[in-house]
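Asks: Pasting a structure below so you can have a look.
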Amino acid sequence: MKSHHLSLALFAALLCLCESYTLRNSVSWAVASNDVVVEGELDAVSEEEVAPALLVDNSGLWKQAYPPSVLRNGAEKPKETVKSKKEDAAPVSSASRVFSYRMEGVKAPASAPSPPPHQETARTARYMAHYSDWGHLATISTQDKIKGLPFGNIFSVSDGPMDNSTGVVYFYVTLMDNSVADLRSFPFASLTFSEAEGDFCRQQVYDPEDPRCARLTLTGKMVEVGPEEVEFAQEAMFSRHPVMRKWPVGHNWFFMKLEIKQVWLQDWVGGVSLIPLEDYFKATPY
């Protein structure tokens, strides 16, 4: 019995000695630094300057967490638990720490309007290209073990700001991505969107493979955006994906777009539609 009580006492002591670290915001990268930032230090420097540098250098912007009970009770965070870089601290596993920054100015996207009638195929295609925030890009792989085979990857996309749809899909990419390396060797690709990304299919209880849950595949050539178009590409991507502004600068990001050769759509039972490019670009998603 005494041994049981002793074990409980040791376990309680260990819990008291533990320090916890929690995710401060929704966008974070794991880093290995044990640095801790004093409250207020981050405010003294522009986030536009700090975030990319920290992501590249793996240096720390840390804020010590507080016990969940303190946060739940709404009590004021005790200032004495925040440590400066110069103070000695017990080692904490790097796996329990993350880099994060405030996402000021990022607003939750408004829900997309209801999709067009399925008979309006060109408009449906433009609707899906415009209101989809991401798609599945298929390339021909250059990876050693699967060279020459199809390879799929997810990319954030935009065909323009919410109030200015173009039908041309833009990307913000880095050569560090396998798919982008593939495109250097063979620039043709297929980009697929599914209506299952939004709420419509879920509300209608349509399985993603149900023909009534529309899917769109745009096939064409991926090209780098020219200087005359970079400003619009940046507006298109950053207005829809604001966090991209603070991605690691050392990754050498650049803009690409898909020069569409074919528009393939299935949005109802009974077959698919190959939409002429002229009809696709004349249509409006609104």
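The values are calculated or read from the model by the stated rules, or taken from the named source; none is laboratory data. As the structure is a prediction and not an experimental result, all values here were calculated from the model. Backbone-built Cβ (ideal geometry, glycine too); neighbour counts: all protein chains shown. For accessibility, only protein heavy atoms count, side chains too; no ligands or nucleic acids. Shrake-Rupley method; radii C 1.70, N 1.55, O 1.52, S 1.80 Å.
Asks: When you look at Leu137, is it aliphatic (A, V, I, L, M) and open to solvent by less than 10 Å² (accessible area, probe 1.4 Å), yes or no?
Replies: So Leu137 passes the test.
Asks: May I ask you to list the residues in segment 201-228 that are within 23 Å of the chain's Cα centre (by Cα) and either closer than 14 Å to Tyr170 by Cβ or not hydrophobic (A, V, I, L, M, F, W, C) (or both)?
Replies: Listed by number, the residues that qualify are Arg202, Pro208, Arg215, Thr217, Leu218, Thr219, Met222, Val223, Glu224, Val225.
Asks: Taking the condition of being over 21 Å from the mean Cα position of the chain (by Cα) and not hydroxyl-bearing (Ser, Thr, Tyr), how many residues in segment 134-156 meet it?
Replies: 9
Asks: Inspect all residues belonging to segment 157-169 and state whether any of them is aliphatic (A, V, I, L, M), more than 17 Å from the chain's Cα centre (by Cα) and farther than 25 Å from Phe238 by Cβ.
Replies: No; the residues of segment 157-169 include none that is aliphatic (A, V, I, L, M), more than 17 Å from the chain's Cα centre (by Cα) and farther than 25 Å from Phe238 by Cβ.
Asks: When segment 140-152 is examined, which residues are found to be surrounded by 15 or more Cβ atoms within 10 Å (Cβ to Cβ) and of a type outside the set (A, V, I, L, M, F, W, C)?
Replies: Ser141, Thr142
Asks: Would you call Thr166 among the β-branched types (Val, Ile, Thr), over 24 Å from Tyr280 (Cβ atoms), out of contact with any Leu (no Cβ under 8 Å at 6 or more places or on another chain) and surrounded by fewer than 20 Cβ atoms within 10 Å (Cβ to Cβ)?
Replies: no
Asks: Here is a list of conditions, (1) in contact with a helix residue (DSSP H, G or I) (Cβ under 9 Å, 6 or more places away or on another chain); (2) at positive phi, and Val249 meets all of them except one; can you say which number that is?
Replies: Answer for Val249: the failing condition is (2).
Asks: Scan segment 241-280 for residues that are within 19 Å of Gly167 (Cβ to Cβ), open to solvent by 30 Å² or more (accessible area, probe 1.4 Å), part of a helix (DSSP H, G or I) and not aliphatic (A, V, I, L, M) and jot them down.
Replies: If the condition is that a residue be within 19 Å of Gly167 (Cβ to Cβ), open to solvent by 30 Å² or more (accessible area, probe 1.4 Å), part of a helix (DSSP H, G or I) and not aliphatic (A, V, I, L, M), then Glu278, Asp279 are the ones that fit.
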